[in-house]
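J.: Submitted below is the structure of interest, expressed as structure tokens.
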Amino acid sequence: MGQAKQRGTKDERIALAKAKMDALRPEKLVCGACKTAFSDFDAMDTRNMKGIHAAFGGTCPSCGETVLAFSGDKDAVADAMIAWQDAMGSEGKLGMQSRSGQHIPFED
Ligand SMILES: [Zn+2]
């Protein structure tokens, strides 16, 4: 009997995290601005977001608004939304991404 702690490989942990996130993934996001429901959105990295289990974001196909969904503790979700809004306000980068709905590498 070995005493080594089996914590799984990095790949296994990533796969587990992905499976967990897939389970939390809503079928659709609904745009806060025009109420359009759409299913083309991506999971976001929540490793640095305390209390957030999963986060999803996409671009409304009708009005181009960035739509986000957070899953997790109620307070954490509220904090995440505020933090996200602050980040968007100061950077403006997300707006550029939201128009295409994808991460597009910068090209000169
Ligand atoms: Zn919309």
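J.: Give me Lys28, Lys18, Lys10 ranked fewest to most by other Cβ atoms within 10 Å of their Cβ, as a rough exposure proxy.
T.: In order of increasing Cβ crowding within 10 Å: Lys10, Lys18, Lys28.
J.: Just rank Leu24, Leu16, fewest to most, by other beta-carbon atoms within 10 angstrom.
T.: If I rank by nearby Cβ atoms, fewest first, I get Leu16, Leu24.
Read the figures in this text as sums done on the coordinates, not as results from a lab. It should be emphasised that the depicted structure is a prediction, and the values quoted were computed from it without experimental measurement. Every residue, glycine as well, gets a Cβ built from its backbone with ideal geometry; the counts of neighbours run over all protein chains shown.
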